[in-house]
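The structure appears right after this line, and notes come after that.
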Amino acid sequence: MERKRTYIWEFPVRFTHWINFLAIILLSVTGLYIGSPFLHPRSGADYSYTMGWMRFLHYIAAYVFLMMIALRVYWAFAGNRYANWRVFFPFTRQQRHDLGDATRFYLFASKKPPYAAGHTACAGIAYLFLFVMFLWEIFSGFALYQVNDPAFFHLILGGWLLSLMNVQTIRFWHHLVLYFIWAFAILHVYIAVYLDQAEKNGLLGSIFGGYKFITGREWE
Amino acid sequence: MGKANEGTIYDSLRKRGVSRRDFMKFCSLMAATLALPSGAGRIAEALEKAKKPSLVWLEFQDCAGNTESFLRASDPTVVQIVLDILSVDYHETIMAPAGKQAEKSLDDVVKNQKGKYLVVVEGSIPLKDGGVYCTVGGKAAIDTVKEVCGGALATIAIGACAWDGGIPAANPNPTGAVGVKDAVKGITLINLPGCPANVVNLTATVVHYLTFGSLPLTDSMGRPLFAYGTRIHDGCERRAHYDAGRFVRQWGDYGHQNGWCLYEMGCKGPETYKNCPAVRWNQGTSWPVEAGHGCIGCAAPRFWDTMSPFYRRLPKVPGFGVETTADDVGIGVAAATAAAVAAHGIIRAVKHKTEEEREEK
């Protein structure tokens, strides 16, 4: 079959993807420690600054993550059609059609993979949910930071949540959504590997180099 | 209590044998509590001139815990000072009269000193079914509050219950209990939440009024900033252990014996605003965290519902048993996803050939 090497994922998309990947790992590990410390000194004489470091790294990673989200939002308007904000919402008839096809394929009811040059409509919605979870983690995180260190900047970025919700409720959901993001990551990697094999279009490699090998029967 | 109204506060203190030195120590304590640099002199000057304000103390759905706190100052001099600064004309727990006589002393204050007396409210006010769940002398709490607080110079809501309903208002709130701020509108009100509130903060609020003629500045929830403006965690003497990652993990373990941080035992110091670490309790003897028990966040809004479980970092998961943590649910969600993915992969390997794969064969 004739395949055309096509540039799909531009540099900002790949860059934010991988920095987010690293930031989320760092945020998860440090966040779990802050929520429930899993390292303990062997004796009282142990000198350490464990919680101090964990919180410091958590905040640094959080700011990096925030910047990556801001960059990706900007690129949803400035980037190519595969990065555009429209792919995350099933606006067009074609997208809704693709959504049904993809769902049937994942449920083994169809043999036709959801060929897509960029995101499938199904992936678009999944990333929209992910994005909402990211926004929640940012807002709730800065709300908790506002308790720790009141500042106008933190108030803008999430401190306002404190006037709507109880601080413990915010902390609870900040913690729980971490696991939802993990569940997403498991699905994300599995489906990426699956579609890479099913469509043989270099999907896995495309997040490193940006190119996919498309056949022309993609719905978009 | 009643007779000592003549003369100024300072006069009556001297008559009771409080020395000038003890009086100045008290003024310094008040200045420190109110965070007024070099304010002791000004407070002393004001108390030398001020007459005692009449004060009535109303109790509704409460446990008298704030009254206990009020009377529990261990140093007799301070008890004298507190009782002298506040001329308590009506207080169901400690006053001498009973029955109709007692109610008369309340009526006298309300009628004869309209707009000049202070009210302390302790306990929540039930609104459900016309307020029948709390009546004193045959009168519903809500009616008493409207009448007495309405005619007062200022109202001090003391304790969690008088602030936002406290334990009577905790889920499911069978009596429709509310705090003073929700029971009567349009009154001059200051809130001193806590379970119980600290007598030092009550006295400081009154001293602030006597010195400056106004109530202290409050936050958005109506609590004075001098007492509720700083976080317990930031003033905690165990804070260094927190930063170092040294945590108590079980009651009585090595860390507990050595005064390590109570974070893992569910201490709510990191989300509670109050001056406990600075003013402490029982004349500065100790406070919960120093005594080895985590903060339960008793000065936080609706703390029975929001700060429990008291011995856990996070609230319980809604719809699950009390022992289920957010971690259990979260790991469950992630594990279920992984299991679904694995099952999908197996089905795929066994029977599902895609177009692409068939084309190649």
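No value in this document is a laboratory result; all are computed from the given coordinates. The shown structure was predicted, so the numbers you read here are calculated from the model rather than taken from an experiment. For neighbour counting, all protein chains shown are included, and Cβ atoms are generated from backbone atoms with ideal geometry for every residue, glycine included.
Below are the figures for this structure:
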read-out	value
Magnitude of the charge dipole, the protein assembly as shown, Cβ model with Lys/Arg +1 and Asp/Glu -1, debye to 20	780 debye
Shielding by other protein chains, A:171-181, mean Cβ within 10 Å	5
Sum of -39500 (n - 2.57) over DSSP H runs of 4+, divided by residues of chain A (222 nm, nearest 500)	-22500 deg cm²/dmol
Computed helical MRE - 222 nm, chain B, DSSP H runs ≥ 4 contributing -39500 (n - 2.57), nearest 500	-12000 deg cm²/dmol
For region B:301-315, 3J(HN,Hα) per residue [Karplus equation, 6.51 cos²θ - 1.76 cosθ + 1.60, θ = phi - 60°, Hz, x = Gly/Pro]	x, 6, 5, 5, 8, 8, 9, 8, x, 5, 9, 10, 5, 10, x
Computed Kirkwood radius, in angstrom, where 1/r is averaged over Cα pairs of the protein assembly as shown	28.1 Å
Alpha-carbon spread of region A:113-212, three principal axes, descending order, Å	51, 22, 19
Options B:L153, B:Q283, A:V87, ranked by Cα towards positive dipole end of the protein assembly as shown, top entry (Cβ charges)	A:V87
For region B:230-361, alpha-carbon Rg over 2.2 N^0.38 Å	1.70
For chain A, size of Cβ-based charge dipole, Lys and Arg +1, Asp and Glu -1, in debye	600 debye
Sorted by Cβ density within 10 Å, fewest first, the residues A:L155, B:L189, A:L203	A:L155, A:L203, B:L189
Top of B:T33, B:T325, B:T211 by mean-square fluctuation, Gaussian network on chain B, Cα under 10 Å	B:T325
Region B:153-264: proportion of alpha-carbon pairs further apart than 22 angstrom, %	50 percent
Per-selection Kirkwood Rh - region A:2-42 (Cα, Å, 1 d.p.)	13.2 Å
Global size of region B:9-228 as Cα Rg and Dmax, reported in angstrom	17.0, 54
Whichever lysines have a C-alpha closer than 26 Å to that of B:K351, once near sequence neighbours (fewer than 8 apart) are set aside	A:K111, A:K112, A:K200, B:K361
For region B:265-323 and region A:157-184, distance of Cα centres in Å	20 Å
Beta bridges by DSSP in region B:1-148, antiparallel share as percent, to the nearest 5	30 percent
Dipole of the protein assembly as shown, positive direction: furthest Cα of B:C261, A:F129, A:I170, with charges on the beta-carbon	A:F129
Loop sites in region B:230-291: chymotrypsin sites (Phe, Trp or Tyr not before Pro), DSSP, at most 14 other Cβ within 10 Å	B:W251
Sequence-separation-based contact order of chain B, relative, with Cα cut under 8 Å and 6+ spacing, percent	13 percent
Of the DSSP H helices in chain B, those whose Cα atoms cover at least 30 Å axially and whose Kyte score averages 0.0 or more	B:326-351
Paired Rg and Dmax values of region A:1-130, which use every Cα atom, in angstrom	20.7, 68
Cysteines having no other Cys beta carbon under 4.7 Å from their own, within chain B	B:C27, B:C63, B:C134, B:C149, B:C161, B:C236, B:C261, B:C267, B:C276, B:C295
Rounded tilt (10° steps) of A:93-106 against the dominant C-alpha axis of chain A	80 degrees
Peptides B:332-344, A:29-41 ordered by average Cβ neighbours within 10 Å, highest first	A:29-41, B:332-344
Using alpha-carbon coordinates, inclination of helix A:50-78 to the longest axis of chain A, degrees	30 degrees
Cα-based Rg of chain A normalised by 2.2 N^0.38 Å, two decimals	1.19
Highest-fluctuation residue, B:C134, B:C195, B:C63 considered, GNM on chain B with Cα pairs under 10 Å	B:C63
Above-threshold pairs, the threshold being 27 Å between Cα atoms, out of B:K25/B:K114; B:K181/B:K268; B:K114/B:K274; B:K185/B:K274; B:K51/B:K104	B:K25/B:K114; B:K114/B:K274
